[in-house]
Amino acid sequence: MKWYSKMSRRIGNSLRRLHLDPSLLVVFVLLVIVLIAGFALSDRFGTVRNLMNVLEQSAALGFVSLGQSLVVLVGGIDLSVGAVVTASAVLMAAVVDSNPELMIPIIIVVLAFGTLIGYLNGYLTLKTGVHPLIVTIGTASVLNGLVLLYTLQPTGGVPFWFEEFAYGRIGPLPIAGVIMLICFAAVWYLLKYTTLGRSIYAVGGDEEAARLTGINSKRTSLFAYSACGFFVALAGAYYVSRTGVGDPRLGEPITLASITPVIVGGLLLGGGKGNVLGTLLGVFLISLLNNLLNYMNISTFIQWVVQGLIILFAVSIYASKVKKL
Amino acid sequence: MSSQTIEFFTHSYLKRFALPLSMIALAVLATILQPAFLAPKNLQDIFTQAAPLGIVVLGQAFVVLVRGLDLSVASLMATVAVIATAFNATSNAAIPVIFAVAIGFSALVGFTNGILVTKRNVSPFLATLAMMIVLQGLRFYYTQGAPAGSLPDGFRFLGTGRIGGIPVGLIGFLCLFTLLGWLLHKSEFGRKVYITGGNPISATLCGINSDRIIILCYVICSVMSGIAGLFLVGFVGTVDNWVGRGYELDSIVAVVIGGIALSGGVGTIWGAALGALILVLLFNIVIILGLPVQAQLIIKGVIIIFAAAMFVRVQKV
């Protein structure tokens, strides 16, 4: 184990000298390996059509992981994303079912709802001083309870045209995938070039120090949590558009799935380090890997094992001296 | 909360007795709302249900005390259940063998978690999350999604049997509680757990091998989950791939209600046990009041945020 950590540290140092983010490189190399394996092992994998399908399907994971990234960057974690996806999907499908003319307003309402829940998570975390892990388990539990009280079966429906969000294409490009990429680009720009974005890194790195330099750390955290809620609600809308119904059990696997790309993309749990570009590559990595394993007729069960091993591989490469969370 | 209220709650007696008092208050409230609460049958049900969760919580407490977190407990419980049925044993003579294999496997899982957290410096959240996913994948691959196999009759006794009216699960829980309580509060190992949890660096400077303590805590947690899995599969009677689903979060909730700080080094085994009992009481109250089961989720969510906020307040003062 010793030589292994020494080697990974040495590689990391030399990359830093070349001004390359070592964490991005790891996920990039993994992605290239999957792509090469894909081209070699399956002749259908490499087609433009398949890659566009993967881009289309990765939108949901992309939205939730993007939100999760923001919360992780300020040093938090959001375990309520699955519940928020479910709640916004059910809310949307249930309301629109009998009033198709409300489609546009309800999109806005659902996004506002997600933002509000995110804000609430952030507010409770800051106000009570309780670890975000616990707070978000709590809000998730309440939301799941409310949704399941309302319905136990998939419910509601949406007008046909709304399916364009999930299935529509602009030329060869899937609309959902493009929207996801635009969101990533916007957040990337925000984090890199705006005061708010820099504050997010500062607060995640050391909240007290950030506060002393005059950053309104509470407002920064609240922004991150609210934005997370917004993107998660967007994922909920995507699911409704894809399946046409609001499924009360939809969100269960999403919560933990949203964390994998964030970690594989090199964001540090505990905050202040990483880049949403890494998250995006992480999303592509997981989506392409699952797609490839599907083509190779490898069962979902083994896909889980592979996913777990990738998390372990990635985190033990990134393993830093500072342990947080 | 006003400063007077805080003072009231932080008064040493109240601080010590807050948990038992709130549990008694809950029980009284339940009896007032629904006298059937005190029926022996209902009490037996409560304890039968509390036993597996309680056992997991005891283990989780050790991990949380050394600043960790174990998300793999539920997945391990189900995996152990699958292992137990894989023997397809019919005679009760196989029970010790099943126990030995299950506990050995659990210890191995805990050891791996501990190694990842200490030697590879992986955050506990991620190490155990990955372990959870890996175990889940292996389990489903082995069972192909449809677990089969059978258990010796003796297992049903573990889960649902009674000795003199006392559920066997409760007796098992009390034995483990005594054992772990002694380990945590009376043994040298226990002191080292608190020192390591309070500050791993100063523990190392004191000459404590903190890595070893942390690894042992993960092993304890996993072994407890394995045992709980066996009790639970005995209670349910048949195996499925999701035995114990939700226990990872429930056990953390119970630990937090029990006043064990996620930041490590603070809390007692009594707190853990009472936390589990309070959680099961709340679930039971929802049922006997005839509220829909989903209300459990809502109440659990509100209680956990509230309880955690209380303890943060109390510890700050």
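The values are calculated or read from the model by the stated rules, or taken from the named source; none is laboratory data. The structure displayed is predicted, hence computed values, not measured ones. As a convention, Cβ positions derive from the backbone with ideal geometry for all residues, glycine included, and neighbour counts pool all protein chains shown. Surface areas here come from the heavy atoms of the whole protein model, side chains and all, with no ligands, DNA or RNA. Shrake-Rupley method; radii C 1.70, N 1.55, O 1.52, S 1.80 Å.
Points to keep in mind about this one:
- Test: residue in region B:133-156 that is within 19 Å of residue B:219 (Cβ to Cβ), in a helix (DSSP H, G or I) and in contact (Cβ under 8 Å) with a residue 60 or more places away in the chain: yes
- The residue pairs whose first member lies in region A:238-256 and is within 25 Å of residue A:108 (Cβ to Cβ) and within 14 Å of another protein chain (Cβ to nearest Cβ), whose second member is open to solvent by 20 Å² or more (accessible area, probe 1.4 Å) and part of a helix (DSSP H, G or I), and whose beta carbons are closer than 6 Å, counting only pairs six or more residues apart or on different chains, are A:248/A:148.
- Boolean, residue A:230 is within 15 Å of residue A:108 (Cα to Cα), hydrophobic (A, V, I, L, M, F, W, C) and either open to solvent by 50 Å² or more (accessible area, probe 1.4 Å) or not in a helix (DSSP H, G or I) (or both): yes
- Residue in region B:222-239 that is open to solvent by less than 40 Å² (accessible area, probe 1.4 Å), assigned to a helix (DSSP H, G or I) and within 14 Å of chain A (Cβ to nearest Cβ) present: no
- Tabulated pairs, region A:93-114, first under 18 Å from residue A:248 (Cβ atoms), second open to solvent by 70 Å² or more (accessible area, probe 1.4 Å) and of a type outside the set (S, T, N, Q), C-beta under 9 angstrom, 6+ apart or interchain: A:93/A:154; A:94/A:150; A:95/A:109; A:114/A:230
- Just so you know, in region B:118-145 the residues that are more than 7 Å from chain A (Cβ to nearest Cβ) and at pLDDT below 85 include one that is least open to solvent (accessible area, probe 1.4 Å), and it is B:143.
- In region A:144-182, residue nearest to the other protein chains (Cβ to nearest Cβ) [restricted to those that are open to solvent by less than 20 Å² (accessible area, probe 1.4 Å) and among the hydrophobic types (A, V, I, L, M, F, W, C)]: A:147
- All positions within region B:275-300 that are open to solvent by 30 Å² or more (accessible area, probe 1.4 Å), more than 10 Å from chain A (Cβ to nearest Cβ) and part of a helix (DSSP H, G or I): B:277, B:283, B:287, B:288
- Taken over region A:257-280, the residue count meeting the criterion of being more than 8 Å from chain B (Cβ to nearest Cβ) and either in contact with a Cys (Cβ under 8 Å, 6 or more places away or on another chain) or in a helix (DSSP H, G or I) (or both) is 10.
- Only one entry in A:306, A:283, A:315 is assigned to a helix (DSSP H, G or I), among the aliphatic types (A, V, I, L, M), open to solvent by less than 30 Å² (accessible area, probe 1.4 Å) and facing another protein chain (nearest Cβ under 10 Å), namely A:315.
- Answer from B:45, B:70 - the residue that is modelled with pLDDT under 90 and charged (D, E, K, R): B:45
- Verdict on residue B:175 being surrounded by fewer than 19 Cβ atoms within 10 Å (Cβ to Cβ), closer than 30 Å to residue B:147 by Cβ and under 17 Å from the mean Cα position of the chain (by Cα): yes
- Here residue A:223 meets the list (1) closer than 20 Å to residue A:203 by Cα; (2) open to solvent by 20 Å² or more (accessible area, probe 1.4 Å); (3) within 14 Å of chain B (Cβ to nearest Cβ) almost entirely, failing just condition (3).
- Of the listed requirements (1) part of a helix (DSSP H, G or I); (2) more than 21 Å from the chain's Cα centre (by Cα), residue B:100 misses just one: (2).
- Against the conditions (1) more than 10 Å from chain A (Cβ to nearest Cβ); (2) open to solvent by less than 10 Å² (accessible area, probe 1.4 Å); (3) assigned to a helix (DSSP H, G or I); (4) not aromatic (Phe, Trp, Tyr), residue B:260 satisfies every one except (3).
- Identity of the residue in region A:111-141, among the aliphatic types (A, V, I, L, M), farther than 16 Å from residue A:67 by Cα and surrounded by fewer than 23 Cβ atoms within 10 Å (Cβ to Cβ), that ends up nearest to the other protein chains (Cβ to nearest Cβ): A:124
- Test: residue A:108 is open to solvent by less than 60 Å² (accessible area, probe 1.4 Å) and either at pLDDT 90 or above or facing another protein chain (nearest Cβ under 8 Å) (or both): no
- With respect to the conditions (1) part of a helix (DSSP H, G or I); (2) under 25 Å from residue A:227 (Cβ atoms), residue A:161 lacks only one, and its number is (2).
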